[in-house]
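The values are calculated or read from the model by the stated rules, or taken from the named source; none is laboratory data. Everything quoted here is computed from the prediction, not taken from an experiment. Cβ placement follows ideal geometry from the backbone for every residue including glycine, while neighbour counts extend to all protein chains displayed. Calculation scope for accessible area: heavy atoms of the full protein, side chains included, ligands and nucleic acids excluded. Shrake-Rupley method; radii C 1.70, N 1.55, O 1.52, S 1.80 Å.
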2 protein chains.
Amino acid sequence: MSEYQVTSLNKIIRGAKRGTYNKEEINKILDDTFLCHVGYVWDNQAIVIPTAYGREGDTIYIHGSLKNRMMVNLLEEGKASISVTHLDGLVLARSAFHHSANYRSVTVFGNVRKVEEPKEKMNALECILNHMVPGHWDNVRRPNEKEFNATLVMAIKIDTASAKVRAEGVIDEKEDHDLPIWAGVIPMKEVAYEPISEPDLKNGVDIPDAVLRYVNNRS
Amino acid sequence: MSEYQVTSLNKIIRGAKRGTYNKEEINKILDDTFLCHVGYVWDNQAIVIPTAYGREGDTIYIHGSLKNRMMVNLLEEGKASISVTHLDGLVLARSAFHHSANYRSVTVFGNVRKVEEPKEKMNALECILNHMVPGHWDNVRRPNEKEFNATLVMAIKIDTASAKVRAEGVIDEKEDHDLPIWAGVIPMKEVAYEPISEPDLKNGVDIPDAVLRYVNNRS
């Protein structure tokens, strides 16, 4: 199935024409960053926390310390919702009302499971790190037993999801086009700059290709 | 009072040394973007949605259409939590375990009220637009009656809040410093590019100073 099922949970009502349930499009948006916002219910209130994630197939992995309130809560609830947003531009219309943004955003709903099987857990940690900088896992020292045991890893199996994308110019009222008011789009992008190496690296240690590639792709 | 009260809701437990409750620092982080993630409870589940906001004093304003599920839900609940996150860098350690990010993030908790008094409502719309591009409200056509009435505006009075900031280099285990592994920080920034004017602007309409200033400050 190449589309997520539309339920009352993920159905896009406002701005439905910008919505999509296509898995390929959703995965592309999810794979273009490693930072999501997770929501959980605590004391009858929704709390939102930014955290790193990785994606493998229909599974989102997140990790944290064993006592992380968000993680412990999500495991108790058994379900989670995460939101991923890219800001691509400010859409500045002639009218205040038609101001908008160009963006790509995804909301994911899924069931939560603690990852305990050691091989899957190590794979999940690799997935999260490589989601940040593709291929960089192979360059680093892997978790030792103590670090491994101190990390809580959660899998969110995507049950359903939706994306909303705006990627166009200003949409003003027809009669406003004659006004002597400027309108246009300011393109926005999250940019990576030249890596700053730690001062005490061992002699002869260069910046890895995976890191150079990442910076190159985002500069 | 220059600090928000610490309650069980906003108390930072993990990484407490990176936490602050200082209003000035929190406001600075809030004022450096216009995009937040709002959480609300729907059918016993937390849902996270990106939206634009403005800040004036201890009040966050958000707006949407009259039927926006998130807005309607928040008004029913009477309280809201929003999260604002700036990614400032990727922190790539020698060890997988010590990978991190440099960031500034704020979580706000507050009581929700529908803004109905026309003058406050118009001020709130001005605040939201100027939070996106400071000073740009004065350049645009203001909402007419129909647009004004079709917009739902909500005020979130900040009850408490907290910020977490990481702004430093790699922190690796002492014994890992001798490994022949690269470590460093990739600085990240949300950058604005040259505005793309709409093709059908009236003759002689230039890009406003507020827009040029915005781009200049973020390029």
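Any residue in region B:150-169 that is hydroxyl-bearing (Ser, Thr, Tyr), at pLDDT 95 or above and within 20 Å of A:LEU179 (Cα to Cα)? No; the residues of region B:150-169 include none that is hydroxyl-bearing (Ser, Thr, Tyr), at pLDDT 95 or above and within 20 Å of A:LEU179 (Cα to Cα). Filtered by the rule that a residue be assigned to a loop (DSSP other than H, G, I, E, B), open to solvent by 70 Å² or more (accessible area, probe 1.4 Å) and within 7 Å of chain B (Cβ to nearest Cβ), region A:195-219 gives A:LYS202, A:ASP206. Just one of the numbered conditions (1) out of contact with any helix residue (DSSP H, G or I) (no Cβ under 7 Å at 6 or more places or on another chain); (2) under 19 Å from A:ALA46 (Cβ atoms); (3) in contact (Cβ under 8 Å) with a residue 40 or more places away in the chain is not true of B:GLY19: (2). If only residues of region B:8-23 that are polar (S, T, N, Q) and at pLDDT below 85 are counted, the one that is surrounded by the most Cβ atoms within 10 Å (Cβ to Cβ) is B:ASN10. Taken over region B:1-46, the criterion of being of a type in the set (A, V, I, L, M) and under 17 Å from the mean Cα position of the chain (by Cα) is satisfied by B:ILE26, B:ILE29, B:LEU30, B:LEU35, B:VAL38. Select from region B:168-180 the residues that are of a type in the set (Asp, Glu) and open to solvent by 50 Å² or more (accessible area, probe 1.4 Å) and write down the one among them that is nearest to the chain's Cα centre (by Cα). Looking at the filtered set, the residue picked out is B:GLU168.
So which of B:ILE26, B:ILE60 is crowded, with 20+ Cβ neighbours inside 10 Å and touching a Leu at 6+ places or on another chain (Cβ under 8 Å)?
Among B:ILE26, B:ILE60, only B:ILE60 is crowded, with 20+ Cβ neighbours inside 10 Å and touching a Leu at 6+ places or on another chain (Cβ under 8 Å).
Residues are listed down the side, and each one gets a yes or a no for (1) more than 30 Å from B:ASP172 (Cα to Cα); (2) within 8 Å of chain B (Cβ to nearest Cβ); (3) in contact with a strand residue (DSSP E or B) (Cβ under 7 Å, 6 or more places away or on another chain):
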site: A:GLU147; (1), (2), (3): no, yes, no
site: A:LYS157; (1), (2), (3): yes, no, yes
site: A:ARG166; (1), (2), (3): yes, no, yes
site: A:LEU179; (1), (2), (3): yes, yes, yes
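Could you tell me which of the residues A:LYS23, A:LYS67, A:LYS11, A:LYS17 is at the interface with another protein chain (Cβ under 8 Å from one of its Cβ atoms) and of a type outside the set (A, V, I, L, M, F, W, C)? On inspection, the qualifying residue turns out to be A:LYS67. Only one entry in A:ILE49, A:ILE62 is more than 16 Å from A:VAL106 (Cβ to Cβ) and at pLDDT 90 or above, namely A:ILE49.
Only one of B:ALA192, B:ALA183 is without any contact (Cβ under 8 Å) to a residue 40 or more places away in the chain, open to solvent by less than 70 Å² (accessible area, probe 1.4 Å), within 10 Å of chain A (Cβ to nearest Cβ) and among the small types (Gly, Ala, Ser). Can you tell me which? Let's see the steps before the verdict.
Values: B:ALA183 fails: without any contact (Cβ under 8 Å) to a residue 40 or more places away in the chain.
Unique residue meeting the criteria: B:ALA192.
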